[in-house]
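Every number in this text was worked out from the coordinates using simple rules, so none of it is lab data. Nothing here was measured: the structure is a model prediction, and the numbers come from that model. So basically every Cβ, Gly included, is an ideal-geometry build from the backbone, and we count neighbours across all protein chains shown.
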Amino acid sequence: MIQQADISKKYTLDEYIKIDETGTQRHEYYYGKLIPMPGESLMHNEICLRLFLLLHRAFLSSSFKIYVENVKVNIEGESIYLYPDITVMKEQPKADLPRKEYIIYQPLLIAEVLSDSTRKYDLTDKLIQYQKISTLQYYLAVEPEKFVVIFYEKEENGNWNAKTYTELNEVINLPLLNANITLGDIYKP
């Protein structure tokens, strides 16, 4: 049976998981409230797939795991569950955490492909929440229709630095993942 969400209602985590498993629309979870996720454009999907393939190739001989779009990430210490476009993790924590078969608890890299409807949300609200995750080292915000990637990297002291890449020959270094990505590879036709 397909579950339809009443976004005016508050849900438990288990109710939320069930709605997202059986419903026709994905939702993010913010302290019991459901936030509907918009559909994506063809270009958005193409960029996500290119990022996945680039990272997959870079990690062939490592134990990093890459997930695309339909996997939730928990904001550490919060009752918040978000859907990044791309998530990279090493392993799930050993601790007994709820619904580990559906939720990533220790991401190392998160990437969001921006759109007109999500740009502000991805670059403010989601970025603020993602930065609370102690294991997160990298956040990529990728413009799908122009050559722009905003790359956030966590320093050893916990502060975040941002750098904007706009040239196709520029290389985004991910030293903790032993990987590099060029803008040309992200945007190649």
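Quick notes on this structure:
- Within straight-line reach of K132, meaning a Cα separation under 19 Å, sit the following aspartates and glutamates at least 8 residues removed in sequence or on another chain: E28, E76, E78, D85, E91, E112, D122, E153, E155, E156.
- In this rough spin-label picture, where each label sits 7 Å from Cα along the Cβ direction, the T22-A95 distance is 3.1 nm.
- Per-residue ³J(HN,Hα) for segment 52-66, Karplus 6.51 cos²θ - 1.76 cosθ + 1.60, θ = phi - 60°, Hz, x for Gly and Pro: 4, 5, 4, 5, 4, 4, 5, 9, 3, 9, 10, 9, 5, 10, 10
- Stretching the chain fully between E155 and S134 yields a gain of 6.4 nm (0.36 nm per residue, less the alpha carbon separation).
- Each label was represented as a point 7 Å from its Cα along the Cα-to-Cβ direction; for F59 and Y102 these points are 2.2 nm apart.
- Computed about its Cα centre, the charge dipole of the chain is approximately 220 debye, with only Lys, Arg, Asp and Glu carrying charge at their Cβ.
- Sequence-separation-based contact order of segment 113-189, relative, with Cα cut under 8 Å and 6+ spacing, percent: 20 percent
- Placing unit charges on the Cβ atoms only, positive for Lys and Arg and negative for Asp and Glu, gives segment 1-86 a dipole magnitude near 120 debye about its Cα centre.
- Beta bridges per DSSP with both ends in the chain, % antiparallel, nearest 5: 80 percent
- Fully extending the segment from N178 to T12, taken as 0.36 nm per residue of separation minus the present Cα-Cα distance, adds 55.9 nm.
- Mean Cβ count within 10 Å, highest first, over the residues of peptides 178-185, 106-113, 57-64, 167-174: 106-113, 178-185, 167-174, 57-64
- Extension gain, L49 back to I35 (0.36 nm per residue minus Cα-Cα distance, nm): 2.6 nm
- Across segment 38-187, the relative contact order, built from alpha-carbon pairs under 8 Å that are at least six residues apart, equals 19 percent.
- Listed residue pairs exceeding 26 Å between alpha carbons, taken from K9/K126; K126/K154; K72/K188: K72/K188
- Three principal axis extents of the chain based on alpha-carbon atoms, in descending order, are 48, 36, 30 Å.
- Segment 1-89 shape via C-alpha gyration tensor axes, a/c threshold 1.5: prolate
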